[in-house]
Amino acid sequence: MPDSNAGELRGDQGFELLAAAIPDAVLAVNAEGEVIYASPQAEDVFGVPPSALVGERFHDLVHPEDRPGIRDRFNVLGSGSWDVRVLQRGGAPVWSNVSMLAPNVDGGDPLAVGDVFLFVHPIVEPDPAPRDRAALYRRALDATNNLVVITDPKLPDNPLVFVNSHFLNATGYERHEILGQNCRFLQTRPDGTRDTDQPGFDGRPGIDELRRAIAAGEPTTVVLRNYRKSGEVFFNELFLTPVLDQEGEVAAYIGVQNDVTERVLAKSTLANQEQLLRAFYDASPLMMGMADAADGAIAHVSINAAARAFFGIGETRPAEPDALGFTEEETARWLEHFEACRREGRPVSFETTYPWGSPIGAPGGRYLHIVASPVGEGTLCSYVVEDRTAEASVERDRQRLQAAVESLRDPVIITDAHLDAPGPRILYVNPAYTRVFGYEPDEVIGKTPRMTQGPATDRAVLTRLRHRLEAGEPFVGEAVNYRKDGTPFLLEWEIVAIPGADGTPQAYVGTMRDVTDRRRLERA
């Protein structure tokens, strides 16, 4: 008698999907007519545990009066059904309908070439018309949304002996094109080469694990990159389950497969995006980091290379504010804005100085602009730090220059560089301009300086002015201008160009002086 565990299905991920749709007792019978596997439902039919049936001849499980012709039925039907009385230990024989499924037979003697599956269904009364339950089971397998295949490792190269319709629909092959072939044809690229570089996808192992499991006769789950007949790539999640005979050897492999292409591609896209973001984060010249604003504290859980270099903390990733030299005041400043970021669910910006708390413009100090953005639903915030020290220095210089210009007693005017009418247009005038000309800034901004010229203005002077400016040279001259109230006065100009990056003028600056009284004295 064989080992009580012989014939037990080792691994149930794939086979359970099939067994769930089959309420009857399922027996696998080898070429010698011996039971090599019995499903749990067999106990309801035969009155003994499934393990007790393994190694028994199916012939001996049938009532003696119904045994004659069993072999002939196998030979004639190949797959079909008939009614017999099966022996039930401790009870009367039970009329049952027996259906046979011989997946590896295309005519001929099923038992002469391999294993068959028998489906035993108890019936109350014998039915004179045998019911072909094997056909029903084939239809059930064809109707399932999974791709189902069975291979026979006893035949050369472990070929396919059964595929369901969904497998054919998914791969594009016809049944006669693939039965008798090893499943590796699914790894063939459109150019005819084999795609064997497959470590696995979607967190599952790949081809090497599949080969190992087949060699060891063990169940496994892998995800492979396969190719349809059209050449289109799809990703195949394969649950492989071996069926063992009474000697503990693999009699068949059942493969239940799912097309997981959308899931794999979605994860691949997400992984690529994360990889790109990580590369950008690590290589960005901007200082970036991630901080957790919780429990009244700021914990910097990550900062990128640019930030580590700026703060001089090497390759470590600081976990506490003091790792960045935060003062209590600086911690409170960051916490205030990070909490606002989380509360409002939008980016929040603020400015600070480094070393923390140093005066703006202090020697060696840096002026920092920080933008914090919420991350997910928790307390995390990402932040970007921009060193605006240079911009702040330029702004301070601009403010000093503006203060100096606005304190001058003589008018200063800035125009654009368009000399043709209606230009040039006035961009700025200082307070002295208002005192001399009588116009407020909003009355002249956007207009041309020609507005203060009149009948007594010497046109020859204006012509020389234009020629000198077009030649890129400064100009000094004087001509009559008119105040807002119409009063003429003698105005001295000194105009220079402000060059752009390409050296051409982008604006003109003019300083002016009322020389009416001085010229009158000179003539006296």
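The values are calculated or read from the model by the stated rules, or taken from the named source; none is laboratory data. Just so we're clear, the structure is a prediction, and the values are computed from it rather than from any experiment. Cβ sites come from the backbone with ideal geometry, for glycine too, and all protein chains shown count toward neighbours. Heads up: the accessible areas ignore ligands, DNA and RNA and are worked out on the full protein's heavy atoms, side chains in. Shrake-Rupley method; radii C 1.70, N 1.55, O 1.52, S 1.80 Å.
Being farther than 17 Å from HIS300 by Cβ, touching a Phe, Trp or Tyr at 6+ places or on another chain (Cβ under 7 Å) and of a type outside the set (Ser, Thr, Tyr) is a property that ARG398 lacks. Evaluation of PRO424 against the conditions (1) closer than 12 Å to TYR508 by Cα; (2) open to solvent by 50 Å² or more (accessible area, probe 1.4 Å); (3) in contact (Cβ under 8 Å) with a residue 12 or more places away in the chain; (4) part of a loop (DSSP other than H, G, I, E, B) shows that the sole unmet condition is (2).
The residues listed here are ARG175, ARG204, ARG184, ARG212; of these, the one that is among the basic types (Lys, Arg) and touching a strand residue (DSSP E or B) at 6+ places or on another chain (Cβ under 6 Å) is ARG204. Considering only the stretch 429-445, I want to know if a residue exists there that is more than 21 Å from LEU408 (Cα to Cα) and buried (at least 16 other Cβ atoms within 10 Å of the Cβ). No, there is no match, as no residue in the stretch 429-445 is more than 21 Å from LEU408 (Cα to Cα) and buried (at least 16 other Cβ atoms within 10 Å of the Cβ). Evaluated against (1) open to solvent by 50 Å² or more (accessible area, probe 1.4 Å); (2) in contact (Cβ under 8 Å) with a residue 40 or more places away in the chain, ARG459 falls short on exactly one condition, (2). Would you be able to say whether some residue in the stretch 172-185 is among the aliphatic types (A, V, I, L, M) and closer than 30 Å to ILE36 by Cα? Yes, some residue in the stretch 172-185 is among the aliphatic types (A, V, I, L, M) and closer than 30 Å to ILE36 by Cα. Looking across the stretch 175-225, just one residue is touching a residue at least 40 places away in the same chain (Cβ under 8 Å), in contact with a Pro (Cβ under 7 Å, 6 or more places away or on another chain) and on the phi > 0 side of the Ramachandran plot, and that is GLY217.
Does the stretch 401-422 contain any residue that is of a type in the set (Lys, Arg), out of contact with any His (no Cβ under 9 Å at 6 or more places or on another chain) and within 24 Å of ILE360 (Cα to Cα)? No, that holds for no residue. The residue that is surrounded by the most Cβ atoms within 10 Å (Cβ to Cβ), among those in the stretch 338-397 that are β-branched (Val, Ile, Thr) and under 33 Å from the mean Cα position of the chain (by Cα), is VAL385.
Conditions (1) farther than 20 Å from VAL163 by Cβ; (2) more than 19 Å from the chain's Cα centre (by Cα); (3) not basic (Lys, Arg), marked per residue:
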residue: TYR227; (1), (2), (3): no, yes, yes
residue: PRO242; (1), (2), (3): no, yes, yes
residue: GLU249; (1), (2), (3): yes, yes, yes
residue: ALA252; (1), (2), (3): no, yes, yes
residue: VAL256; (1), (2), (3): no, yes, yes
residue: ASP259; (1), (2), (3): no, yes, yes
residue: ARG263; (1), (2), (3): yes, no, no
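Any chance you could count how many residues in the stretch 429-452 are over 17 Å from GLY486 (Cα atoms) and of a type in the set (Lys, Arg)? The number of residues fulfilling the criteria is 1. Against the test of being under 16 Å from THR452 (Cα atoms) and either open to solvent by 80 Å² or more (accessible area, probe 1.4 Å) or not basic (Lys, Arg) (or both), the options VAL476, VAL480 yield a single qualifying residue, VAL480.
LEU335 meets each of the listed conditions (1) open to solvent by less than 20 Å² (accessible area, probe 1.4 Å); (2) of a type outside the set (Val, Ile, Thr); (3) more than 29 Å from the chain's Cα centre (by Cα); (4) modelled with pLDDT of 75 or more apart from (1). Of the residues making up the stretch 499-512, none is over 22 Å from SER407 (Cα atoms), part of a helix (DSSP H, G or I) and open to solvent by 60 Å² or more (accessible area, probe 1.4 Å). Checking LEU87, LEU77 one by one, the residue that is touching a helix residue (DSSP H, G or I) at 6+ places or on another chain (Cβ under 9 Å), farther than 23 Å from VAL149 by Cβ, modelled with pLDDT of 65 or more and open to solvent by 60 Å² or more (accessible area, probe 1.4 Å) is LEU87 and no other. On the given criteria, is ARG317 modelled with pLDDT under 75, touching a Ser or Thr at 6+ places or on another chain (Cβ under 7 Å) and surrounded by 13 or more Cβ atoms within 10 Å (Cβ to Cβ)? Taking the combined requirement at face value, the residue satisfies it.
In the set GLU237, GLU262, GLU209, only one residue is farther than 20 Å from GLY172 by Cα and out of contact with any helix residue (DSSP H, G or I) (no Cβ under 7 Å at 6 or more places or on another chain); that residue is GLU209.
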